[in-house]
Amino acid sequence: MHLSGIHLYPVKSCAAFDAGSAEVEPRGLRHDRRWMAVDGDGRFLTGRKLPRLTLLRARPDADGIVLHAPGMPALPLPSAAMGERVRVTVWKDAVTARAAGAAADQWLSAFLEQPARLVHMDAGAARPLRHDRARAGDEVSFADSMPLLLVTRAALDGLNARLSRPVSLLRFRPNLVVDDAPAHAEDGWSRIRVGAIEFDVAKPCIRCVFTTVDPERGERDPDGEPLRTLLDYRRGDGGVSFGQLLIPRGTGTLRTKDPVVVVA
C-alpha cells in the first residue's frame, strides 16, 4: 500500500488543494482548514448549506493564503496582517481566532452573496480534541472533528461501480488517499504508519448531504448521489461511513508514494 494523494482544504469547505507533500502537525496537515467562513454571530459556514463555498480556491504560500473564486479578483491574505481576536464556533467548540479583516470580509460576502467574515486559526487559537482516543494536548483545526481523513482508492472504485454516473474522490474531502489496499480495508485498522509517521485510526467518518455537492459545479446532485447509494451498503449504527479519521502521533513530512503500513 502507498500514499497516492494528499489534499488540503485551506478554508473550511473550500476546493481541494492538491499537494505532492505536506507537513504533519498536531492539528493535522499544515495549512489544512486553518481558515474559516463565519456568519455575523461567529458560527461556521459550511458547504452543506452553501455549496458555492466549494468553488472557492485557496492557495497557501509562505505569507498566508491567496483566495480565488469565479468572477472575483485574486485576494492575497498575509497571516501577519490579521486583525483582532474574535470568538467563533465550530459545532459545539468555541475558538478564539483572528479576523482576516474588512477587505477579506467584503470579498467573501460578495462571492457568497450574503454577509460573511473570514477568520484564521493561528498558533494562539487552540481547539482541544474531544475523543476517547485523544491524549492530553491533542488539538484539531477547523475540521469537523479530527485532524485528518483517510480513504482508500478502492472504496471509491467500489462505489462508482454501483453508480450510473461516477463521482470524484473529492466528494469525500480526504486528506490522504491510499492505493493498493482493498476497498474499506481502513475500517479494520487501529494504527498505521505512513512514511515515518504513525497515526491512530480513531473512528469512521460519518457522511452527510455534503457528499452530494459536486465540487466542480458548486451544486448539489439532484438525485442525492452518492449518499443515496451509500445508504444501501455502508449504513451502520452510527450512520453512513466512508473513510477513517486519524490522529497524528508524530510530526514530519508526508509525500505521495510513501508506504502505508498497518501497525495494529
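The values are calculated or read from the model by the stated rules, or taken from the named source; none is laboratory data. Predicted model, so just to flag it, every value in this text is computed and none were measured. Note that we place each Cβ from the backbone using ideal geometry, even for glycine, and neighbour counts take in every protein chain shown.
Residues that are of a type in the set (Lys, Arg), under 18 Å from the mean Cα position of the chain (by Cα) and at positive phi do occur in segment 33-44. For segment 201-221, a tally of residues being in a loop (DSSP other than H, G, I, E, B) and under 23 Å from His131 (Cα atoms) returns 2.
Annotation note: of Gly224, Gly243, the sole residue that is on the phi > 0 side of the Ramachandran plot and in a loop (DSSP other than H, G, I, E, B) is Gly224. Among the residues of segment 185-242, those identified as under 30 Å from Thr253 (Cβ atoms), in contact with a Ser or Thr (Cβ under 8 Å, 6 or more places away or on another chain) and crowded, with 18+ Cβ neighbours inside 10 Å are Glu186, Gly195, Asp200, Val201, Pro204, Cys205, Arg207, Phe210, Pro215, Phe242. Mind listing just one residue for me: the one in segment 135-166 that is surrounded by fewer than 19 Cβ atoms within 10 Å (Cβ to Cβ) and among the aliphatic types (A, V, I, L, M) and, of those, farthest from Leu227 (Cα to Cα)? Going through the qualifying residues, I end up with Ala136.
Select from segment 26-55 the residues that are among the hydrophobic types (A, V, I, L, M, F, W, C) and part of a loop (DSSP other than H, G, I, E, B) and write down the one among them that is surrounded by the fewest Cβ atoms within 10 Å (Cβ to Cβ). Looking at the filtered set, the residue picked out is Leu50.
Would segment 230-239 turn up any residue that is within 20 Å of the chain's Cα centre (by Cα), assigned to a strand (DSSP E or B) and not polar (S, T, N, Q)? Scanning segment 230-239 turns up at least one residue that is within 20 Å of the chain's Cα centre (by Cα), assigned to a strand (DSSP E or B) and not polar (S, T, N, Q). Residues of segment 89-110 that are of a type in the set (Gly, Ala, Ser) and at positive phi: Gly101 alone. Can you name the number of the only condition in (1) part of a strand (DSSP E or B); (2) outside the structural domain of Val140 (by TED's automatic domain parsing); (3) closer than 23 Å to Asn175 by Cβ that Glu23 fails? Unmet for Glu23, out of (1) part of a strand (DSSP E or B); (2) outside the structural domain of Val140 (by TED's automatic domain parsing); (3) closer than 23 Å to Asn175 by Cβ: (2).
Listed here are the residues, each with its yes/no results for (1) at pLDDT 95 or above; (2) among the basic types (Lys, Arg).
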residue: Leu29; (1), (2): yes, no
residue: Arg48; (1), (2): yes, yes
residue: Leu56; (1), (2): yes, no
residue: Gly83; (1), (2): no, no
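Count of segment 1-32 residues, restricted to those that are over 14 Å from the mean Cα position of the chain (by Cα) and among the charged types (D, E, K, R), is 2.
Pull out all pairs, ordered by first then second residue, where Cβ-Cβ is under 7 Å, the residues are six or more apart or on different chains, the first lies in segment 49-73 and is within 11 Å of Leu108 (Cα to Cα), and the second is buried (at least 20 other Cβ atoms within 10 Å of the Cβ) and aromatic (Phe, Trp, Tyr). These pairs meet every condition: Leu56/Phe111; Leu67/Trp107; Ala69/Phe111; Met72/Trp107; Met72/Phe111.
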